[in-house]
Structures are given as C-alpha cells and as structure tokens.
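The values are calculated or read from the model by the stated rules, or taken from the named source; none is laboratory data. Note that the coordinates shown come from a computational prediction; the quantities given were computed from them, not determined experimentally. Cβ: placed from backbone, ideal geometry, glycine included. Neighbour counts: every protein chain shown.
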Amino acid sequence: MIPSNYADNAEREIHWRVFKAIWPHLLDYRSRIALALFCLVLSKSASVSSPFLLKHIVDSLSLDARSSLLVIPAALLLAYGFARFSMILLGEIRDTIFGRVTERAMRKIGLQVFRHVHGLDLDFHLDRRTGGLSSDIERGISGINFLMRFFVFNIIPTLLEIAFVIGLLLYNYGAGFAIITIIAVILYIGFSMVTTDWRTEFVREAAQADSKASTLRIESLLNYETVKYFTNEEYEAARYDKALYAWEQAKRKNRLSLLGLNTGQALIISVAMASMMWLAAEGVADGSMTIGDFVLINAFMLQLFLPLNFLGFVYREIRGSTANIENMFALMSLSSKIHQTDDAPPLNITQGAISFNQVSFAFSPDRPILKSLDLCVEPGTQVAIVGASGAGKSTLTKLLFRFYDADQGHIAIDGQDITAVNLESLRQAIGIVPQDTVLFNDSIFENIRYGNPNATDQQVHRAIELAHLAEFIAVLPEGSDTIVGERGLKLSGGEKQRVTIARTILKQPPILVFDEATSSLDSQSERSIMSALQEISKDHTSLIIAHRLSTVVNADKIVVLHQGALVEQGTHDQLLDKKGRYFDLWTAQLRDQS
Ligand SMILES: Nc1ncnc2c1ncn2[C@@H]1O[C@H](COP(=O)(O)OP(=O)(O)OP(=O)(O)O)[C@@H](O)[C@H]1O
Ligand SMILES: [Mg+2]
C-alpha cells in the first residue's frame, strides 16, 4: 500500500543534486542512449506526422471526386496506419533499449549501497529498524528507475513536443491557435504544480499512516507466539484497526484533493479545446480552413493534452523519487565509527596471544561498562571468563572482534594493536559462537557451510560430527537438508547452538570465542561438546564465557569479571583456595545442584 516513492522528509522540493549523481551512470552506455534517443525522435516524428495524414485523408474524403476516392485515401490510410504503428513500436523499442541502462544503474547503485550499509558499525544497525532501512534502499533504487525513465523519456520529450506543435500551429494556422495552446499549457502546468504542492501533505499523511499500520502488522505477526501466550489477539486487532482507521481518514482527504486536482486539469483542457475548436470551426465556415484542418487541430490537441495530463503525476513522482534517492544517498554519506587506514597491514598470527591493556569502554559516556581491564591470554591456552550477568563478558568479545573500539587502553594480538591491522584479517582470525544465535532460513547444511562457503561437503560433515549434530540429523526425515525456519526457530535452543558451533569449526580460525555456547544443552550433551571443543581448540587460543562453572574447571585460567573490572584470576583450584568471589559463585552453584 505504501507508494513506492514516499519519503518522510524533504518531499517538498526536487533535489537537483541527485541528477548530478545519476548522470555518470547514463554516460556508461553512450551508444545505447544515442540509439534510444534516435528511436525517440523517430517515434515523435511519426506521432507529429499522423495528424497531417489524417487531415489529408479527411480532405480527400470530403472531395466529391469519386474517381480518386478509392486510390488516394487507400495510400494515405496505409501511411496513417503505418505512422501510428511505428510511433508505438519505436516507443517500445526505445524503452527496451533504455531498460538495460536503467537496470544496470539500479544494480550498480544498489550494490554500492548494500556494501556501504554492511560496512557501517554495529551501533548504527542496532539503532535502526532493519525494515525501515531496507525500504529506504528499496525506495531509493526504484526512485532511480523512475527518474531515469521519466526524466529522459517523458518530461523532456513532452516539452519538446509541445514546443514543436505550437510551432506547427503558428506556421500553418496563425497566432490564434498557438496563443491559446501556450496559455493552456502554462495554466495547466502552473495549476498542477500549485495543487500538487498543496496535496503533498495529504499524500504524506496517508503514507505515514500506512507505514504505521504496516509496522504494527509486521511486529504483531513476528511476535505471534508472544501474542498467543498472553491471548492478546483482540488487543492486537484493536491496535491495528486504530492504525487502519487513521489510514482510511488520511486516504479520504487524499482522494478529495485528487478530485480537486483532476477537475481543475480537466476544466483547463476542455476550455482550451473548445476554444480551439471554435476558432477552427469559424475557419471552416469562412472557407479559410478545410474539414481536414479541423480534424488535424483536434488530433493535435488530444495528442498534446494526454501526455500533459500525465505531467502532474510525473511532477509529484519526480519530487518523491529525488527525495527517496536523497534519503538513500544520505546513508552513503554515513561512515563507520570503526576506522582503518587504507594501508593497514594484515594481522599476522604467529602464536595467538591476546592482551587487553588497561581497556576502558562505555556504550554511553554516563555508564562505564569495562574499567581499566588488564587481561593476558597466553598462546594456545584456554581462558574462561565468568561473572554475573551484565558484568561485561560479551562486551569484551565485541571489543576483540572490533564491533566497538575501546575508549581507553588497547587490545593486541601477538603484539599487534588490533586497531592498526586490516579489519577483515582480524575478523577472519577470530571465530565467535555468539550468545544469541540467529540462523538464515535455509537448510542446516547450508547454515553450517556459511562458516566457510568454499568448504567441501566432506568438511561440512566433519564439522557436523565434531559438533555432535550427526545423531540429531540422522533422525530428521530430510536430514541435513531440513530447513531451519525463520531465524532458526524450528530448531531447539541446543540444536541451534550446535549448528553455530559446527559453523565456527568450519571457519577454522586460530582464535576461538565461545560465548555461552552450550548454555542451552543438558549437562550430558554439554560435557561431550565441551570435550569436543577441548579437542578442537587444542592448538588454538580460546576464550570461553560460561555461567555454569562446572564447564570451565579445566580451563588453563579462569578470570572473574565483576562490574566491568577483573577481580580475580587463576586456575580453578587456586581460585577456590582464595575463598573470594569465585569461591562464592562455586559454592552457590554446588548448593543449587544438590
Ligand atoms: N549496545 C549496547 N548499548 C548499550 N548498552 C549495552 C549494549 N550492549 C550491552 N549493553 C550493556 O552493557 C552491559 C554488559 O553487557 P554484556 O552483554 O557484556 O554482559 P554479559 O556479562 O555478557 O552478561 P550476560 O551474562 O547476561 O550475557 C549490560 O548491562 C548491557 O545492558
Ligand atoms: Mg553475555
């Protein structure tokens, strides 16, 4: 229901800057465009010549020279038919030829924006509604389509045609007809622009109401289960209906204002046509014009006012399109908060030692999350991070992966500051099994292969083995081709976690991070997976975040995080001897189990 080119803001003006940005894409295909323009000229010539043919047909029909009746009009009629046909055919050929140019530009710009948006930082994506972001891009791209098609092949040709017809009228029939046409065209365009500006608000209101209704609809359907848990179907329906009511009201105003616009336009056209016909009829009456001339003028008027009728619509759409493209380009002007210099060297992993040096970090300045944290992970060892919920454990992994940069201090891998190395090489070196896993709505097999799109089937099966998924897959009727459902919700929590583990195994990174990677598994599965993980991470450096302390007792080092600060570290036994925070956590968990 949303008009494809509705934009929230700045819809009131044409953004000329946009044309400058699109122009280079037109130049990519010079010969195609030349050909399309050639077709355009031919088709317009055919369209301008057909009223003349019509005039001659009518004139020869009105002569009572019976002998010529059968011959001359037949040729003219053929020519007339041919002119009409070539006018339409050439128009179609022109669109077909030019379509390629438009589509290539849409593809190139679309890809550019997609890449750019993927390059923006996590914070940007957490702040934006993905649905809104995606429709911004979609509207921008269809705006480009519209702009290219209509600006090149509608507005300019229509204006040219108008000028041409006025010239012909002036040359053949004197100033009277030309003046009426000029006045009518100016009145028509002026009236359409003013009225369209006035209507913009109603159009926007309707679009906003529609956008609201669709957001409600999507959110409600996405939260299907939650709605059922609280039997809130009626509540949801009432909310949705309220939004629909607002939409209905806005549409009403919209429609009434459209009635005003169309009536005014029709009035201008009809008055102009009637006056021209009047003039022509007078000409015929006093013998200075033939019936054919009368018909010709009528045909010209129809030919002229039809595209003019379209101009009001095109004007509004062009304004909307440029605003949408501008919105999309605004995305392009954003830059990621995660910087890297162009010549940053790739990360060179020799051993896989990680060190956090005096790292402080806050998502917002008034609430520090990590406080002067020092942490050293020896190469090839396994370090466990434990601590209360909200202590900053996951944040630590996000800093390591450079989703965010530390405010103070620095993080180094094998002595290289992670902010000084190539970002891609850093991220390739780290495999993360995140706390909240989301899968693509694809098969289990393809979801695992995502860890390394070049992996062979055999390697994927090996990863499946290692992640203890083989047994589960064996009982599925469709095996590893089973589709996991939206966001992976057709799998159980533990199954989802194992798919993610398999995916990370396939990536084979030198550094592994498991953030609550086995929290949804029963103790027995957890134990077997943990032993598999020990196996996989034998020669790797690994960080394990876990609430269930029993899973990390074998870690080379356990680090206790409390309110963003590192308060204790050592092996399980050392920490128990200390009788500090770790000891408290341990005894509390033991008590819960018994
Ligand atoms: N993007 C964000 N913007 C603002 N605050 C955030 C953001 N992400 C996390 N936080 C806050 O930072 C704090 C630390 O979060 P973090 O995810 O690191 O905790 P955690 O130790 O992993 O906890 P848990 O054991 O529950 O997973 C939390 O209080 C959280 O509310
Ligand atoms: Mg966490």
Checklist entry - Which number in (1) at pLDDT below 90; (2) closer than 30 Å to R255 by Cβ marks the one condition that Y173 misses? => result (2)
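Has the range 511-523 got any residue that is within 29 Å of N348 (Cβ to Cβ) and more than 16 Å from ligand 2 (Cβ to nearest atom)?
Within the range 511-523, one or more residues are within 29 Å of N348 (Cβ to Cβ) and more than 16 Å from ligand 2 (Cβ to nearest atom).
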Checklist entry - What do you reckon, is A178 part of a helix (DSSP H, G or I), on the phi < 0 side of the Ramachandran plot and modelled with pLDDT under 85? => result no
Checklist entry - Among the residues of the range 395-427 satisfying the criterion of being within 16 Å of ligand 1 (Cβ to nearest atom) and under 19 Å from T350 (Cα atoms), which is nearest to the chain's Cα centre (by Cα)? => result F401
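Against the condition crowded, with 17+ Cβ neighbours inside 10 Å and within 16 Å of ligand 2 (Cβ to nearest atom), how does G352 come out, does it pass?
No, not satisfied.
Considering each residue of the range 483-515, count those that are part of a loop (DSSP other than H, G, I, E, B) and buried (at least 19 other Cβ atoms within 10 Å of the Cβ), and give that number.
Here is the first cut: in the range 483-515, the residues part of a loop (DSSP other than H, G, I, E, B) are 484-485, 489-492, 508-510.
Checking which are buried (at least 19 other Cβ atoms within 10 Å of the Cβ) leaves us with 484, 491, 509-510.
Count: 4.
Yes/no per residue for (1) in the same structural domain as F363 (by TED's automatic domain parsing); (2) surrounded by 16 or more Cβ atoms within 10 Å (Cβ to Cβ); (3) assigned to a helix (DSSP H, G or I):
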| residue | (1), (2), (3) |
| --- | --- |
| L426 | yes, yes, yes |
| G431 | yes, yes, no |
| Q435 | yes, no, no |
| F440 | yes, no, no |
| V460 | yes, yes, yes |
Next on the checklist: Let me spell it out: the conditions are (1) within 11 Å of ligand 1 (Cβ to nearest atom); (2) surrounded by 14 or more Cβ atoms within 10 Å (Cβ to Cβ); (3) of a type in the set (K, R), and R367 meets all of them except one. Which number is the exception?
Outcome noted: (2)
Next on the checklist: Here are the criteria: (1) over 31 Å from the mean Cα position of the chain (by Cα); (2) within 30 Å of Q589 (Cβ to Cβ); (3) more than 16 Å from ligand 2 (Cβ to nearest atom); (4) not basic (K, R). Tell me which single one A463 does not satisfy.
Outcome noted: (2)
Item to check | Qualifying residues in the range 378-394 (those that are surrounded by fewer than 21 Cβ atoms within 10 Å (Cβ to Cβ) and among the polar types (S, T, N, Q)) - the one farthest from ligand 1 (Cβ to nearest atom) | outcome: T381
Checklist outcome for this item: Picked from the range 116-150 (must be hydrophobic (A, V, I, L, M, F, W, C) and under 20 Å from E103 (Cα atoms)), the residue nearest to ligand 2 (Cβ to nearest atom) is I137
Checklist entry - Just wondering, is there one or more residues in the range 516-530 that are outside any helix (DSSP H, G or I), surrounded by fewer than 19 Cβ atoms within 10 Å (Cβ to Cβ) and out of contact with any helix residue (DSSP H, G or I) (no Cβ under 9 Å at 6 or more places or on another chain)? => result no
Item to check | Checklist (1) within 16 Å of ligand 1 (Cβ to nearest atom); (2) assigned to a helix (DSSP H, G or I); (3) under 25 Å from I354 (Cβ atoms) applied to E535, failing item | outcome: (1)
Next on the checklist: Looking only at the range 529-564, count every residue that is in contact with a Leu (Cβ under 7 Å, 6 or more places away or on another chain) and away from ligand 2 (no atom under 16 Å from the Cβ) and tell me the total.
Outcome noted: 7
Item to check | Test: I432 is within 16 Å of ligand 1 (Cβ to nearest atom) and under 23 Å from A546 (Cα atoms) | outcome: yes
Checklist entry - Out of all the residues in the range 568-594, which are touching a residue at least 40 places away in the same chain (Cβ under 8 Å) and aliphatic (A, V, I, L, M)? => result L585
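When only residues in the range 176-194 that are of a type in the set (V, I, T) and under 35 Å from the mean Cα position of the chain (by Cα) count, which is surrounded by the most Cβ atoms within 10 Å (Cβ to Cβ)? I'd like the intermediate steps shown before the answer.
From the range 176-194, those of a type in the set (V, I, T) are 179-183, 185-186, 189, 194; that's our starting set.
Subsequent filtering for residues that are under 35 Å from the mean Cα position of the chain (by Cα) retains 189, 194.
Working: I189: 17, V194: 12.
For the range 176-194, the residue satisfying everything is I189.
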Item to check | the range 541-554 - residue that is at pLDDT 90 or above and away from ligand 1 (no atom under 16 Å from the Cβ) and, of those, surrounded by the fewest Cβ atoms within 10 Å (Cβ to Cβ) | outcome: S542
Checklist entry - Among the residues of the range 382-401, which ones are within 11 Å of ligand 2 (Cβ to nearest atom), part of a helix (DSSP H, G or I) and not β-branched (V, I, T)? => result K393, S394, L396, K398
